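Take a look at the structure below.
No value in this document is a laboratory result; all are computed from the given coordinates. Since we're looking at a predicted model, the values are computed, not measured. As a convention, Cβ positions derive from the backbone with ideal geometry for all residues, glycine included, and neighbour counts pool all protein chains shown.
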Amino acid sequence: MRFQTWLLAGLIVSIAHLVLWFGFRHLNQNLTPPRPVFSTIVADLLPPPPVQPPPPEPPPIPPKSIPKEKPLPAVKQAPRLLSTPSPTQQNDVPASPPIIDEPTPVTPQKAAPAPTPEPAVEAPRYNAAYLNNPPPIYPLSARRRGMEGRVLVRAEIQEDGSCSRVELKRSSGADLLDQAALEAVKKWHFVPAKKGAQAISAWVDVPITFKLEN
């Protein structure tokens with residue numbers, strides 16, 4: 001039974017292949033266009049035209065010769081005659097002596113004198129040992145309160161070394177200490193300020209320190 005089935009299947013496949021082969025062949029004949037028929041044409045070739053040679057080049061024109069200019073003849077100059085004075089003219093005109101310019105005297109310029117520098121100013125001094133300036137009195141009430149501070153007094157010193165005016169430049173923070181410093185400095189003697197060797201009036205700053213340990 002199995003062999004018959006295989007035989008039937010092979011027969012069907014063979015028939016299908018034959019049908020396909022005949023179908024493709026018929027289709028190929030219908031699709032292939034007919035071949036054209038070519039006719040033979042005989043043509044005679046003409047010979048090429050003769051080549052004419054180029055015309056000959058014209059001969060070159062020779063350049064024209066330019067005539068040279070003849071040099072002009074040199075003109076001879078006549079000699080110049082120098083006129084000499086006659087002996088009568090020489091005797092009539094007396095010979096003048098030569099004029100000699102005298103040199104002008106040049107006055108030398110004096111150089112300006114250099115300005116003399118101003119002498120330096122020396123500030124007044126209050127700490128010389130021979131002045132014997134007493135220290136300021138520490139106020140008793142300030143001591144009891146434990147007040148301390150530093151006062152800066154500005155004093156005007158005259159030519160004789162005396163103090164004419166005092167000002168409070170910086171306070172210590174306590175009026176008692178400030179007033180004690182002003183009164184003490186006003187009674188002091190100073191070495192006056194000097195400009196060169198001359199005594200002059202000037203201002204000076206005097207610091208006064210109040211401290212309980214002193």
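General remarks:
- Label point 7 Å beyond Cα of Glu167 along Cβ direction - residues of the range 185-206 with amide nitrogen under 12 Å: 203-205
- Over the range 135-210, relative contact order from alpha-carbon pairs under 8 Å, at least 6 apart, %: 41 percent
- Per-peptide average of other Cβ atoms within 10 Å, ordering 126-136, 154-164 highest first: 154-164, 126-136
- Computed lengthening from Glu118 to Arg145, 0.36 nm per intervening residue step minus Cα-Cα distance: 4.6 nm
- Sorting Lys186, Lys194 from the fewest to the most surrounding beta carbons within 10 angstrom yields Lys186, Lys194.
- For Ile15, Ile61, order by how many other beta-carbon atoms lie within 10 Å, fewest first: Ile61, Ile15
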